[in-house]
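Written out below as structure tokens is the structure these notes cover.
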Amino acid sequence: MIHLRCNDVKYADYIGKEVTVRGWVHRLRKQKENTFMLIRDDRGGVIQCVLATEKALTLTIESCLEVTGKLQQDSRAPEGGYEIRATDLKIYGVAKVDYPIGEYQSEDLLLDNRHLAVRTRRMSTIAKIRASILKYARQWFIENNWLEVNVPVIVKDAVEGGSTLFKVRYFDDDAYLSQSAQLYLEAMVFSLGPVWSVTESFRAEKSRTVRHLAEFTHMEAEAPWIILDDLLRIQEQLISHIVQNTVNENSADLGYLKRDLSDLKSIEPPFDKLSYEKVIEILRSKDFVIIEDNGNERKIEWGDDLNVDSERELTRNRSRPIFVVDFPISLKPFYVKEDHEKEGIGLSADMLAPRGFGEISSGGERENDITSITKRIEKESLDPKAYDWYLDLRRYGSVPHAGFGMGIERLVRWIANLQDIKDTVLFPRTMSRVRP
Ligand code: ATP
Ligand code: MG
């Protein structure tokens, strides 16, 4: 017996042969004599099966079954013109008739029933693209001799500022859910060299945007003796490797999502570098305004951080990512090293995805001098004692080093061309949603 997995086989090789497909009833049309079903297999592939209606009376949408029969070519059959003329049927589970997911449904209903909505073609297509992105990221790191490590997610220290920390009860004490693996990766470069990790990061983001989640998958890397230029080269290569291989492997999936592939195929190093100063100049020349907390509008000026709108404006007409470098150090966290040739400027870079998608990574050289970093911690009104173990890394054999953090969901959102970051994960966590 030949078991079909719809997307993995060339149907033409099996015409006239007896085949079996296992899956779920995706569409169902019962006629007097024959019943036409679209069966969805366990990788989201579909094929039409035709069955005598008298054998199909109990079947409902999402019933789970195994169909055996002859594979035939029929130009009327949806999804490629092949169908199975069923002779045998094994039913594993008849679904209740009130399956809540249909074709045109509100976003809220789909999110409330995400445990079922993950079966839609769109969600499984995105999940496959996401898996490729992770696979080729890992492949790049392995091929380039980076060591994969794991870090704790229950921590005591803030990396990205206290306002987005999730507090958890930890035995008789309080702790937090990690915002980033960075501090731990920094500790590891002393004995493991270039290291990287994929870890869930948690941020209590109060603003609802199409690119923020409360829990996201964070790919982070850190290496000793590298400088900012090296870090940019590493990210260009990594991104190009991920994009080229994903396009190659998932062209049909990307096509299903109506992703323009030519843009992606053009992604290769080097990416343009723009200084923060230049970026502000460009935005000012377009009369770009920002809205202050009190609701007032004013033209953007030097010293303002880049937000979702300014990043969209900067990348709208570009087909490749860009790096924004030379940010004022005041806009960056305490661990970003200052450029000694340009006072007040940090040795960091944000990578912005093209076509308006905006920031996908942030990274830079880390301040490795104990006196400078202690001063920076104090300047940000943080308590150096809270960073005691981290400061030991500067006390005992401090080494120049650099690293970056990249959001997998941001990468998926860009590569798969999705508007809402919630679609990049199967079970999104946002301010208003923590189940299912
Ligand atoms: P943004 O300015 O877009 O809010 P950030 O600068 O606060 O992001 P970083 O601290 O630089 O974020 O985190 C590194 C990377 O992690 C970001 O470039 C982004 O890809 C990803 N990331 C950060 N916060 C989120 C989030 N809430 N949801 C999804 N991805 C995120
Ligand atoms: Mg950032």
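The values are calculated or read from the model by the stated rules, or taken from the named source; none is laboratory data. Since we're looking at a predicted model, the values are computed, not measured. No Cβ is skipped: glycine too gets one built from the backbone with ideal geometry, and neighbour counts run over all protein chains shown. Protein only, heavy atoms only, side chains kept; ligands, DNA and RNA dropped before computing areas. Shrake-Rupley method; radii C 1.70, N 1.55, O 1.52, S 1.80 Å.
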Of the candidates 69, 23, 397, which one comes out as most mobile in a Gaussian network treatment of the chain with C-alpha springs shorter than 10 Å?
397
DSSP loop trypsin sites (Lys or Arg not before Pro) in the range 162-257 with at most 10 other Cβ atoms within 10 Å of their Cβ, which ones?
206, 208
Which of 55, 32, 273 moves the most in a Gaussian network model of the chain with Cα springs under 10 Å?
32
Translational diffusion of the range 1-46, µm² s⁻¹ [Kirkwood Rh, Cα pairs; Stokes-Einstein; 37 °C; 0.692 mPa s]:
282
Burial-style ranking of 222-231, 177-186, average other-beta-carbon count within 10 Å with highest first, yields 177-186, 222-231
Round to the nearest 10 and report in Å² the accessible area of residue 1, as given by a 1.4 Å probe over the protein chains' heavy atoms.
150
Reach of residue 30 by Cα under 16 Å, taken over lysines that are not fewer than 8 positions away in the same chain:
55
Among the GluC sites (Glu not before Pro) within the range 7-101, which fall in a DSSP loop and have no more than 14 other Cβ atoms within 10 Å of their own Cβ?
33, 79
For the range 142-291, what size does the Cα cloud have along each of its three principal axes, sorted from largest down, in whole Å?
55, 45, 37
Which order do the peptides 297-305, 328-336 take when ranked by the mean count of other beta-carbon atoms within 10 Å per residue, highest first?
328-336, 297-305
Which whole-number percent is the relative contact order of the chain (Cα, under 8 Å, 6+ apart)?
13
State, to one decimal in nm, how far the label point of residue 192 lies from the label point of residue 167, with both points 7 Å from Cα in the Cβ direction.
3.1
Counting just the Cα atoms, what span does the range 219-281 cover along each of its three principal axes? Round to the nearest Å and put the largest first.
40, 34, 18
Note the count of lysine pairs whose C-alpha atoms are less than 19 angstrom apart in the range 250-359, limited to pairs 8 or more residues apart or on different chains.
9
What whole number of Å gives the distance from the Cα centroid of the range 399-436 to the Cα centroid of the range 187-210?
12
Per the Cauchy relation, a quarter of the hull surface: what is the mean projected area of the convex hull of the alpha carbons in the range 73-202, in nm²?
15.7
Could you bin all the Cα-Cα distances of the chain into 10 Å bins starting at 0 and give me the percent of pairs in each, rounded to whole numbers?
4, 18, 25, 22, 14, 10, 6, 1, 0
Radius of gyration and maximum dimension Dmax of the range 125-187, Cα, Å:
15.8, 44
Spatial separation of Cα centroids for the range 70-89 and the range 130-174, in angstrom:
47
What do you get when you divide the Cα radius of gyration of the range 370-436 by 2.2 N^0.38 Å, with N the number of residues?
1.75
Carbon and sulfur atoms account, in whole percent of the 1.4 Å probe accessible area of the range 126-258, for 53
Structure-based [θ]222 nm, the chain - -39500 (n - 2.57) summed over DSSP H runs of at least 4, per residue, nearest 500
-8000 deg cm²/dmol
Gained length - residue 13 relative to residue 200, 0.36 nm times residue gap less alpha-carbon distance:
63.0 nm
Out of the chymotrypsin sites (Phe, Trp or Tyr not before Pro) in the range 380-436, which ones are loop residues according to DSSP with at most 14 other C-beta atoms within 10 Å?
396
Vicinal HN-Hα couplings computed from phi for the range 210-221 (Karplus, 6.51 cos²θ - 1.76 cosθ + 1.60; Hz; Gly/Pro x)
7, 10, 10, 10, 7, 10, 9, 8, 10, 9, 10, 9
Counting heavy atoms of the protein chains only and a 1.4 Å probe, report the per residue accessible area for the chain as a whole number of Å².
49
For the range 13-123, take the convex hull of the Cα atoms, compute a quarter of its surface area, and give me that in nm², please.
7.3
For a quick check of understanding: with a 1.4 angstrom probe and all protein chains in place, what accessible area in square angstrom does residue 70 have, to the nearest ten?
110
Relative contact order, percent, the range 216-360 [alpha-carbon distance under 8 Å, six or more residues apart]
21
Long-range share for the range 173-221, i.e. C-alpha pairs more than 17 Å apart as a percent of all pairs, stands at 45
Calculate what fraction, in whole %, of the accessible area of the range 291-436 sits on carbon and sulfur atoms when a 1.4 Å probe is rolled over the protein chains.
45
Provide, for q = 0.27, 0.29, 0.30 Å⁻¹, the log10 of I(q)/I(0) from a solvent-free Debye sum over equal Cα point scatterers in the range 106-145.
-0.84, -0.89, -0.92
